[in-house]
Amino acid sequence: MKRLLSLALMVLPGAALAHPGHDAGSFGGGFAHPIGGTDHVLAMVALGLLAAQAGGRALWLLPAAFVSAMLVGGAAGWAGMPFGAVEPVILASVIVLGALVAMAARLPLGVMVAMAAGFGFAHGWAHGAEGPAEGLLSYALGFAVATALLHGAGILIGRAAARPLLRAAGGMTAVAGLALVVGG
């Protein structure tokens with residue numbers, strides 16, 4: 001297990017900020033963007049884990065806030081709005097969301113929704129800034145669908161996992177986020 005974790009920690013930093021598969025203006029290019037970056041996958045699945053852990057209205061509000069703000073952020077990034085700290089915020093989203101799951105934190109729903117929206121905006125900005133010059137709608141639909149599926153995967157895992165396993169997954173996510181910071 002230690003060898004597997006060591007290997008993952010060595011490989012993740014290089015893959016974290018790589019986003020392959022950006023076909024100009026296509027649904028496929030948009031869909032590939034979040035799936036092609038370890039930082040995006042970890043944060044989006046972790047948000048689903050957090051939503052599952054919180055339960056109730058958080059199950060749909062957290063993903064809805066993230067995806068909605070991500071689309072706004074995507075438009076802002078595509079339009080060239082400056083956001084100098086986008087990568088640190090994206091990496092912080094991995095660490096914070098993972099840590100909240102690991103600690104089984106019980107934050108007020110409004111705080112979690114605002115946090116999800118803030119992190120979603122940052123992820124969306126990165127998608128939009130690296131997106132195509134034309135065909136933004138198709139591209140945005142692609143990254144929105146991929147993100148919703150990643151959130152859904154996190155929710156399914158979170159609802160199926162025993163509480164200690166869920167918390168361990170959150171802890172591993174936070175550690176992976178720290179590894180991305182150190183390796184990036």
Query raised in the report: Of the numbered conditions (1) among the hydrophobic types (A, V, I, L, M, F, W, C); (2) in a helix (DSSP H, G or I); (3) modelled with pLDDT of 95 or more; (4) closer than 29 Å to GLY28 by Cα, ALA126 satisfies every one except a single condition; which is it?
Result: (3)
Query raised in the report: Can you tell me which residues in the stretch 75-89 are surrounded by 12 or more Cβ atoms within 10 Å (Cβ to Cβ) and either in contact with a Phe, Trp or Tyr (Cβ under 7 Å, 6 or more places away or on another chain) or farther than 20 Å from GLU134 by Cα (or both)?
Result: ALA76, GLY77, PHE83, VAL86, GLU87, PRO88, VAL89
Query raised in the report: Which condition does ALA104 not pass, out of (1) of a type in the set (A, V, I, L, M); (2) touching a residue at least 24 places away in the same chain (Cβ under 8 Å); (3) under 25 Å from LEU178 (Cα atoms); (4) in a helix (DSSP H, G or I), if it passes all the others?
Result: (4)
Query raised in the report: Which one of VAL113, VAL72 is crowded, with 18+ Cβ neighbours inside 10 Å and either farther than 15 Å from LEU50 by Cβ or at pLDDT 95 or above (or both)?
Result: VAL113
Requested in this report: Please go through the stretch 162-174 and pick out each residue that is surrounded by fewer than 18 Cβ atoms within 10 Å (Cβ to Cβ) and touching a residue at least 24 places away in the same chain (Cβ under 8 Å).
Outcome: ARG163, ARG167, ALA168, GLY171, MET172
**Report entry** Where PHE83 falls short, out of the listed (1) assigned to a helix (DSSP H, G or I); (2) aromatic (Phe, Trp, Tyr); (3) over 21 Å from PRO63 (Cβ atoms)
**Finding:** (1)
Query raised in the report: What is the one condition in (1) part of a helix (DSSP H, G or I); (2) hydrophobic (A, V, I, L, M, F, W, C); (3) within 22 Å of ALA32 (Cβ to Cβ); (4) touching a residue at least 60 places away in the same chain (Cβ under 8 Å) that ALA133 does not satisfy?
Result: (1)
Query - Residue selected from the stretch 35-54 under the condition touching a Gly at 6+ places or on another chain (Cβ under 9 Å) and over 17 Å from VAL96 (Cα atoms), by the criterion surrounded by the most Cβ atoms within 10 Å (Cβ to Cβ) - result: ILE35
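The values are calculated or read from the model by the stated rules, or taken from the named source; none is laboratory data. None of these values were measured; they are calculated from a predicted model. So basically every Cβ, Gly included, is an ideal-geometry build from the backbone, and we count neighbours across all protein chains shown.
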